[in-house]
1. Look at A:Ser99 and say whether it is facing chain B (nearest Cβ under 7 Å), in a loop (DSSP other than H, G, I, E, B) and free of Cβ contacts under 8 Å to residues at least 24 places away in the same chain.
2. Answer with yes or no whether A:Asp62 is of a type outside the set (Val, Ile, Thr) and farther than 26 Å from B:Phe88 by Cβ.
3. Are any of the residues in region A:66-89 modelled with pLDDT under 95, among the small types (Gly, Ala, Ser) and farther than 24 Å from B:Glu44 by Cβ?
4. In the set B:Lys56, B:Lys110, which member is within 14 Å of chain A (Cβ to nearest Cβ), free of Cβ contacts under 8 Å to residues at least 60 places away in the same chain and not aliphatic (A, V, I, L, M)?
5. Hey, which of the strands (runs of 3 or more DSSP E) in region B:9-113, taking only ones fully inside, have at least 1 residues that are under 12 Å from the mean Cα position of the chain (by Cα) and surrounded by 13 or more Cβ atoms within 10 Å (Cβ to Cβ)?
6. Can we say A:Ser48 is surrounded by 13 or more Cβ atoms within 10 Å (Cβ to Cβ), over 10 Å from the mean Cα position of the chain (by Cα) and either within 19 Å of B:Thr95 (Cα to Cα) or within 9 Å of chain B (Cβ to nearest Cβ) (or both)?
7. Would you call A:Ile60 more than 10 Å from chain B (Cβ to nearest Cβ) and not polar (S, T, N, Q)?
8. Can you work out which of the residues in region A:27-45 that are in a loop (DSSP other than H, G, I, E, B) and more than 30 Å from B:Leu109 (Cα to Cα) is nearest to the other protein chains (Cβ to nearest Cβ)?
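The values are calculated or read from the model by the stated rules, or taken from the named source; none is laboratory data. Predicted model only: the values in this text are computed from it and were never measured. As a convention, Cβ positions derive from the backbone with ideal geometry for all residues, glycine included, and neighbour counts pool all protein chains shown.
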Amino acid sequence: EPEVTQTPSHQVTQMGQEVILRCVPISNHLYFYWYRQILGQKVEFLVSFYNNEISEKSEIFDDQFSVERPDGSNFTLKIRSTKLEDSAMYFCASNREGSSPLHFGNGTRLTVT
Amino acid sequence: ELKVEQNPLFLSMQEEKNYTIYCNYSTTSDRLYWYRQDPGKSLESLFVLLSNGAVKQEGRLMASLDTKARLSTLHITAAVHDLSATYFCAVDTVTSGTYKYIFGTGTRLKVLA
């Protein structure tokens with residue numbers, strides 16, 4: 001069964017550094033999302049992406065965050081200047097059409113020191 | 001702003017007992033999803049409920065949706081240890097053709113042998 005893949009599985013970075021989290025959504029999916037989860041708590045929506053542009057973003061997704069689909073397969077989340085509070089598990093998800101279940105990747109655990 | 005709340009947040013139950021997890025949401029939606037998350041793992045789709053009165057069952061889990069009450073339930077019958085996990089409900093909203101999935105607070109279930 002096709003899967004959403006995320007790399008790296010764990011990223012450690014120093015405060016103020018830039019990080020890029022990578023995702024390869026399922027190939028025939030059209031809608032892409034980033035979520036984050038702090039310490040196994042609530043799953044928080046960050047951003048949705050469709051047709052090569054951001055569809056919606058949350059209050060968390062401020063100017064420090066950006067997303068990109070640089071080619072036909074990758075979907076990336078960039079954090080320009082990381083803060084301690086950015087430490088979380090970041091999940092990428094995709095679906096073929098709206099109003100269908102999200103397929104999640106295994107997540108990237110980001111640790112900011 | 002759509003709010004999705006679950007209760008209880010934590011549930012410790014004996015094997016072979018029955019229990020129900022509740023998911024309330026604050027805005028009109030006909031679509032609700034249930035996910036399971038094992039510790040340190042990704043989210044796995046369990047059920048998709050797409051209309052008022054929808055009921056889905058898989059093994060010892062049964063989910064239902066009442067859109068008028070803005071309430072979904074996840075009923076556990078004769079719990080077994082393998083059901084120990086965190087369960088999330090999620091509601092999707094559509095704004096000008098863009099989709100956003102908001103997750104509930106999660107219910108951490110522990111089934112005691």
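1. Yes; evaluated as a whole, the condition is true for this residue.
2. no
3. yes
4. B:Lys56
5. Where strands (runs of 3 or more DSSP E) fall fully within region B:9-113 and carry at least 1 residues being under 12 Å from the mean Cα position of the chain (by Cα) and surrounded by 13 or more Cβ atoms within 10 Å (Cβ to Cβ), they are B:19-25, B:32-37, B:43-49, B:55-58, B:61-66, B:71-76, B:85-95, B:98-103, B:107-112.
6. In short, no.
7. So A:Ile60 passes the test.
8. A:Leu30
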